[in-house]
Structure formats: structure tokens, C-alpha cells
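The values are calculated or read from the model by the stated rules, or taken from the named source; none is laboratory data. Just so you know, these numbers come straight off a predicted model, no measurement behind them. Neighbour counts run over all protein chains shown; Cβ positions are idealised from the backbone, glycine included. For accessibility, only protein heavy atoms count, side chains too; no ligands or nucleic acids. Shrake-Rupley method; radii C 1.70, N 1.55, O 1.52, S 1.80 Å.
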Amino acid sequence: VDASVDYETRDGTATTAGSDYVAASGTATIVAGQTETLIGVTIIADTTVEADETFSLVITNPVNGIFPNNTAEVTATHTILNDD
């Protein structure tokens, strides 16, 4: 049986969706027999010199599975390195 989770990006303290990355949300499917899936988030390159910035990917609503310790959501923080 496939499993699924809902996901959404959230701005970090120094990052703005649409300027530094493309906001994403939806449902990701983990195929039966697998233990992971990829969720892509597009990073927007620019020529502005700025500090490294962060955004989060928040995972919720596991279907046909549970998070460790029955946690309601899992958050991963990603750092966008200054590319200028």
C-alpha cells in the first residue's frame, strides 16, 4: 500500500518565496516498498549579494504511516547559499 504526506514550504527569517525560491505545496506519494520520495523546490538565482538564507519544508498528514513518536509534523530547514 502506498503512503503519502502533505507538504508546504515556509519562509525563513531572511527568505521570501517568489524572490529566493518558488513556494511549493502538495501531496507526495511514497510507493509501497520504498522508504522515501523526493520533493523538489526550485531555487531562484539572482545577482544580489546577500547573506545565506533559509526556508523550511513542512511535512504533515501521513497516510498509511506515522512520524516518529507520533509527531504531527516534521520540518526540514534548507539553507540557500549566496551565489553572488
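Observations, loosely collected:
- Taking a sphere under 9 Å around the Cβ of Gly26 and counting the other residues whose Cβ falls inside, with K and R at +1 and D and E at -1, yields a net charge of -2.
- Accessible area ranking (1.4 Å probe, heavy atoms, ligands and nucleic acids excluded), largest first, for Ser56, Ser19: Ser19, Ser56.
- Net charge of neighbours whose Cβ lies under 15 Å from the Cβ of Ile59, counting Lys and Arg as +1 and Asp and Glu as -1: -3
- Along its three principal directions, the equivalent ellipsoid of the chain from the Cα gyration tensor extends over semi-axes of 29, 13, 10 Å, largest first.
- Mean separation of Cα pairs under 8 Å and 6 or more residues apart, divided by the residue count, gives the chain a relative contact order of 37 percent.
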